[in-house]
Amino acid sequence: MTYDVVIIGGGPGGYTCAIRCVQYGLKTALIEKDELGGTCLNRGCIPTKTLLFSADLLKRMKQQETYGITGCAAAPDFLLLKKRAEDVVSTLRGGIAKLLKQRKVTVIHGFGRVIADGEVEVETEAGKEVLTAKDIVLATGGFPAMPPIPGRDLLGVYNSDTLLKELPQLSRLVIIGGGVIGVEFAEAYHGFGAEVSVVEMMPRLLPPFDADLARHLAADFKKKGISVVTKAAVKEISQGEDGLIVTYELAGEKKEIAADGVLIATGRRTAWRDILPFDLDEEQHVIRVDENGLTSRPHLYAIGDITSGMPPLAHAAEARAKRAAAAIAGKSSDICLALVPQCVYTIPEIASVGICEDEAKAQKLTVSRVMMGANAKSLIAGEAGYMKLFSDSEGKILGGQLMCRDADNLVSEITLAIAKGLTVSDFGAIIRPHPSIEEALGEAAETAEGLGIHSVGR
């Protein structure tokens, strides 16, 4: 069968690229070996955030007296939690399938591999078939990294995929890795009543983010009762008399933590080498591509987690997918790949975009901060956190950082401000509703000019 475009991988990047290619008039085939939606929908973002929503709701119900409510008993039901997550995933997956059908994308369920330029072999239950296409797009995503820790194969040791699949009820959970995956699972299981410990090899949680943000998160975890151990190297997972034992080394001394379950959350690895008959230019184990996703080989594109220059995020994959589709169709795209908001769905949420605080301080830029304790909406909800804006000598906004409820939504305001070249004066002049979380953004902008009403200094 001959197509204009063949895409391997039906995750956010793959199905977005497929739909956009059809919108440009290209005959398109999409190959997926598992479920449509990829890691984000089936084994990552969506089920995790569904659990976090439930954990946050349970936390509020347990704190009901704070909000003037009594008499409502609440406890987690893991069978119902699992069903809820599965229902959300199933609904969204069905929506993707419907969209692809409506757009007349040919969806093939099977394992696809490139066998030559312009040729893709697909292995399905019915057998093997060779598809030909002018352009091929790789969108194969990744899988959980499992470092060679002795005992990693023991019963009760999970990665993010298997933990979400089984969703066991645990009294004591040890999480190896304090990155995004680790801290989100820590938040969820703590919310469900588990005793949670996070063991991180680096000096702080969330290593890619700013040190100040990591400190705030660590302090928040300590306040909640989530144990955090940094600069610790896990040496072994073993079976004890009363569950599992995680042995780690800290400052030359070996220590142990008992657990009913262990989550290894040490990042993800990309999956693409086994589907290519030739080598591509690489950059730190991912494929080097240009801004449109074109690899070092003509008519071969790559998008999503397997590519260089972009964080491994669903919305980043979608953005590059749209640029790739436009390039394949001979059209231009104005999508800016330089500004990719990053979010962590702890409680409260964390978000950042543009220049980070460490960079801002190194360049002696203005850092304006607003603590959410003075924000009426945050006080009503019984929440804390902060907002920060980073601006240059002319007041131009270059970055922002949020730790507050709805940070994942609010960061889009900052992203737009940076993209449109707004100054803190422009940003502060916008009237925002009261009471709202958003009004703290205006306060942060005014604070940068020394004009904050509810904050002192910068």
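The values are calculated or read from the model by the stated rules, or taken from the named source; none is laboratory data. Remember, it's a predicted structure, so these values are computed and weren't measured experimentally. Counting neighbours? That spans all protein chains shown, and the Cβs are built from the backbone with ideal geometry, glycine included.
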Just to check your reading of the model, which residue among Ile245, Ile287, Ile264, Ile226 is in contact with a helix residue (DSSP H, G or I) (Cβ under 7 Å, 6 or more places away or on another chain) and more than 28 Å from Gly330 (Cβ to Cβ)? Ile226
Val22 part of a helix (DSSP H, G or I) and touching a Ser or Thr at 6+ places or on another chain (Cβ under 6 Å): yes
Within the range 66-82, identify whether any single residue is assigned to a helix (DSSP H, G or I) and at pLDDT below 95, and answer yes or no. yes
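For every residue, the table says whether it meets (1) free of Cβ contacts under 8 Å to residues at least 40 places away in the same chain; (2) crowded, with 20+ Cβ neighbours inside 10 Å; (3) in a helix (DSSP H, G or I).
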| position | (1), (2), (3) |
| --- | --- |
| Glu256 | yes, no, no |
| Val262 | no, yes, no |
| Ser296 | yes, no, no |
| Ala316 | yes, yes, yes |
| Arg320 | no, yes, yes |
Test Gly142 against the stated conditions and say whether it is closer than 24 Å to Leu79 by Cβ, small (Gly, Ala, Ser) and touching a helix residue (DSSP H, G or I) at 6+ places or on another chain (Cβ under 9 Å). no
Mind checking which strands (runs of 3 or more DSSP E) fall wholly inside the range 156-235 and carry at least 1 residues that are under 19 Å from Leu51 (Cα atoms) and hydroxyl-bearing (Ser, Thr, Tyr)? 195-199
Among helices (runs of 4 or more DSSP H) entirely inside the range 358-458, those with 1 or more residues being within 30 Å of Gly68 (Cα to Cα) and within 27 Å of the chain's Cα centre (by Cα) are 376-381, 407-419, 439-448
